[in-house]
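What follows is a short report on a single structure.
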Amino acid sequence: MTAEQLATAALADRLARDFASMSLAERLAAVRAGVPGRVVFTTSFGLEDQAITHAIFSQGISIDVVTIDTGRLFPETYDVWSATERRYATRIRGLSPDHAGVEKLVARQGIDGFRLSVDARKACCFVRKVEPLGRALEGASAWITGLRADQSANRSDMRFAELDSGHGVLKANPLLDWSRERVAEFVHEYSIPYNTLHDRGFLSIGCAPCTRAVAPGESERAGRWWWEQEDKKECGLHVGRSRAGGRAAPERALEVAEGLTR
C-alpha cells in the first residue's frame, strides 16, 4: 500500500476501535474530524439513511449528502426525498446515470432485460448505480454508508471503518452494529421523514422493478432481486471494493456493462 493508504487504514483501525462507545452523531463527527478533505454520504432514503441524514443535518456536520437517481425509483422514494429537503431546508444533490450508457443498455437488453441473467442485472446496476457512485466519490477522502452487519451474510464481516481500495477512500459504516429495531426507534423518536413503503413490508428499497415486499420470516433483503439466488444479491456498490486483499470486484458484470456502454 502507498503511504496515503497506510494512513487511511490506520485511521480506519482507530475509528473501528473507538466507534463502539459513541453515539451516531459522535461517530459521524469523528470521521469528519479525522479525515482531511471531502466526506460524502450516499443516501437511498431508506430507514438507515434517514437516520444518518438527520444526524448530519441536525448537528451541522460538514458532510456532503448525495443520492443516485437511477431513473427507476419508486414514487414514494421521491416523496421522502422531497420531504427530507423540506424538513432540513437543505437540497440533496442527485446524480443521474450517463444518458448514453442508459440508452445503450436499454437498446441491448430491453427495458427489463436485467431479468435475463445475473450478469445482465449487474450490468444494469453498473450503468445506473456504480458509475454514478464513482462520480459522487470523485475527490472525496471518505465515504459514509448506512450498512448494517445483520442485513445480509455479505455484510456481516464488514467493519465500522475500512480502506475502500477500489475508490481510494475511507469507508465508514456508523450503523454497522445497530439493529433494524434500533434504527426504527431512532427515526420515530425524532419524527424523521421515512419511506412509507416500509409500512407495507418493503424492508430494503431499491429500484421499483427490482424490489418487492418481504413475507414474514424472510430475510431483510429477500425482496431485492428476488428472482436470484440469495448469495448473489449485491449491486456492486459494496462488494469487492473494500479492504485490500478482500473479495474480487464483479469483473464479469463490469465487462458486460462496458460492452453495453462503449
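A few points about this structure:
- In the set (1) out of contact with any Lys or Arg (no Cβ under 8 Å at 6 or more places or on another chain); (2) surrounded by 23 or more Cβ atoms within 10 Å (Cβ to Cβ); (3) not in a helix (DSSP H, G or I), the condition left unmet by residue 1 is number (2).
- Scanning the stretch 36-43 for any residue that is touching a Lys or Arg at 6+ places or on another chain (Cβ under 9 Å) and in contact (Cβ under 8 Å) with a residue 24 or more places away in the chain turns up at least one such residue.
- Residue within the stretch 88-98 that is β-branched (Val, Ile, Thr), surrounded by fewer than 20 Cβ atoms within 10 Å (Cβ to Cβ) and under 23 Å from residue 193 (Cβ atoms) present: yes
- Qualifying residue in the stretch 155-169 (condition: more than 15 Å from the chain's Cα centre (by Cα), exposed (fewer than 15 other Cβ atoms within 10 Å of the Cβ), at pLDDT 95 or above and charged (D, E, K, R)): no
- In the stretch 42-64 there is at least one residue matching the filter, namely being closer than 27 Å to residue 172 by Cβ, crowded, with 17+ Cβ neighbours inside 10 Å and of a type in the set (D, E, K, R).
- Taken as a whole, the stretch 96-105 holds no residue that is farther than 24 Å from residue 202 by Cβ, touching a Gly at 6+ places or on another chain (Cβ under 7 Å) and small (Gly, Ala, Ser).
- Selection status of residue 115, at pLDDT below 95 and of a type in the set (Lys, Arg): yes
- Look at the stretch 63-83: where a residue is part of a strand (DSSP E or B) and a partner is modelled with pLDDT under 95 and not hydroxyl-bearing (Ser, Thr, Tyr), sitting 6+ places away or on another chain with Cβ atoms under 9 Å, you get 68/237.
- Matching residues, the stretch 14-31, being surrounded by 15 or more Cβ atoms within 10 Å (Cβ to Cβ) and either in contact (Cβ under 8 Å) with a residue 12 or more places away in the chain or in contact with a strand residue (DSSP E or B) (Cβ under 8 Å, 6 or more places away or on another chain) (or both): 15, 16, 18, 19, 24, 25, 27, 28, 29, 30, 31
- Within the option set 110, 94, 101, being within 16 Å of the chain's Cα centre (by Cα), modelled with pLDDT of 95 or more and of a type in the set (Gly, Ala, Ser) holds for one residue only, 94.
- Inside the stretch 1-13, residues that are touching a residue at least 40 places away in the same chain (Cβ under 8 Å) and of a type in the set (Gly, Ala, Ser) make up a count of 2.
- As a summary of the residue check, residue 199 satisfies the conditions (1) of a type outside the set (Lys, Arg); (2) farther than 14 Å from residue 24 by Cα; (3) at pLDDT 95 or above; (4) in a loop (DSSP other than H, G, I, E, B) except for the one numbered (4).
- Restricting the stretch 8-30 to residues that are under 22 Å from the mean Cα position of the chain (by Cα) and acidic (Asp, Glu), the residue that is nearest to residue 166 (Cα to Cα): 13
- With respect to (1) part of a loop (DSSP other than H, G, I, E, B); (2) under 30 Å from residue 209 (Cα atoms), the lone exception for residue 36 is condition (2).
- Scanning the stretch 117-130 for residues that are within 22 Å of residue 98 (Cβ to Cβ) and surrounded by fewer than 19 Cβ atoms within 10 Å (Cβ to Cβ) yields a single hit, 119.
- Among the conditions (1) loosely packed, with under 13 Cβ neighbours inside 10 Å; (2) of a type in the set (S, T, N, Q); (3) farther than 18 Å from residue 23 by Cβ, the only one that residue 195 does not satisfy is (1).
The values are calculated or read from the model by the stated rules, or taken from the named source; none is laboratory data. All of these numbers come straight from a predicted model, not from anything done at the bench. Please note: Cβ atoms are built from the backbone with ideal geometry, for glycine as well, and neighbour counts cover all protein chains shown.
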